[in-house]
Amino acid sequence: GKKVLFFADFGIDDVLALVYAFFEEEIDIVAVVTGYGNIPRENAKRNALFIRSLANAEHIPIIEGASKPYTGKVPDYVPEIHGDYGLGPFIPSEASQQGRIEDFHYVRTLFHQYEEDDIYVVNVGRLSSLATFFVLYPEYRERIKDVYIMGGAFLSPGNVTPVAEANIHGDPYAAHFILTVGKPMFIVPLNVTQYAYLPNETAEYIKQYCPNPIIKQLFKPMFDYYFNFYKSKSTEPLPGPPLHDVLALWSIIAGRSVTFNKAPVKVVTQEGEAFGQTIGDFRQVKDKADYPAHYVAIGVDYPTFLNR
Ligand code: BDR
Ligand code: CA
């Protein structure tokens, strides 16, 4: 399968993405970087250890990521969406989180173990850890095959402010830096992921047929917690909660089921109402904005996604 270095902030959809990856033959997680975001970094570490032990995947290194954004601000955690430990109401026991956590410099060791162009980076949390990696180790940055980012909101509302999405808004400086290093990246934004619902029937099916007894037991309370938040906030009836991070991870193997459009992209880093907004120049003109161009997802074959 495709080798993935997975950067996450271990909320519920991050957890589901990792669990999905463990069951997906076409994806091999080579290491996980756990940063702050939905929850504090320390809790994200506990959660990552817990999920790894559930999957009996102790051979997969967990690397400590960033604890705060480059803005210097205290992060805004969202336990009301994800729970304190990113598992809804569930708190992982001390016993379930034994195991080693590598320090950040371990990313070098990791890249040494693989050939150039072997590793995909998928980042589904704030971008602070990945930006740090790019600054510290440009030589390894060049060895990455492709970078996929769940983040941004284009021509549509944000989820933190009217125009900004959480992973970008949480550290717009990091996001700006990453998108200007000169490598075109794949961006899977909120306006696409918000339609990647997990319907109740599918949740019931997973709950019943999941081969892992603990995931089976965990799944429903986690799903209900996450869905209840979205239901309580939405003015429209929702078929289920959105699996942002699962879709972003799946898009590396989705082929034409996720459609990308190459466009100049910019992150607003000036403090103010538009802080953290992503601007894509999708105009059908020859003289587009001179921001660096990236591949921005514009659509998904939802039934295929759900099936997988
Ligand atoms: C993104 O922010 C987090 O809440 C989710 O885990 C997802 O990565 C959605 O805006
Ligand atoms: Ca996330």
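Numbers below:
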| read-out | value |
| --- | --- |
| Checking residue 297 against (1) touching an Asp or Glu at 6+ places or on another chain (Cβ under 7 Å); (2) crowded, with 17+ Cβ neighbours inside 10 Å, the condition it does not meet | (1) |
| Output for segment 68-104, where each listed residue is in contact with a helix residue (DSSP H, G or I) (Cβ under 7 Å, 6 or more places away or on another chain), assigned to a loop (DSSP other than H, G, I, E, B) and among the acidic types (Asp, Glu) | 84 |
| Unique match (being more than 16 Å from ligand 2 (Cβ to nearest atom) and buried (at least 20 other Cβ atoms within 10 Å of the Cβ)) among 198, 179 | 179 |
| Residue in segment 105-133 that is nearest to residue 187 (Cα to Cα), counting only those that are outside any loop (DSSP other than H, G, I, E, B) and of a type in the set (A, V, I, L, M) | 122 |
| Odd one out for residue 147 among (1) under 18 Å from residue 73 (Cβ atoms); (2) within 17 Å of the chain's Cα centre (by Cα) | (1) |
| Matching option when the condition is exposed (fewer than 13 other Cβ atoms within 10 Å of the Cβ), over 28 Å from residue 275 (Cβ atoms), basic (Lys, Arg) and away from ligand 2 (no atom under 16 Å from the Cβ), among 100, 143, 108 | 100 |
| Segment 157-201, subset part of a helix (DSSP H, G or I) and among the polar types (S, T, N, Q), residue nearest to residue 132 (Cα to Cα) | 167 |
| Boolean, residue 12 is surrounded by 20 or more Cβ atoms within 10 Å (Cβ to Cβ), in contact with a His (Cβ under 6 Å, 6 or more places away or on another chain), among the aliphatic types (A, V, I, L, M) and closer than 23 Å to residue 120 by Cα | yes |
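Readers should treat all values here as calculations from the given coordinates under stated rules, not as data from a laboratory. Quick caveat, the model's predicted, so the values are computed rather than measured. For neighbour counting, all protein chains shown are included, and Cβ atoms are generated from backbone atoms with ideal geometry for every residue, glycine included.
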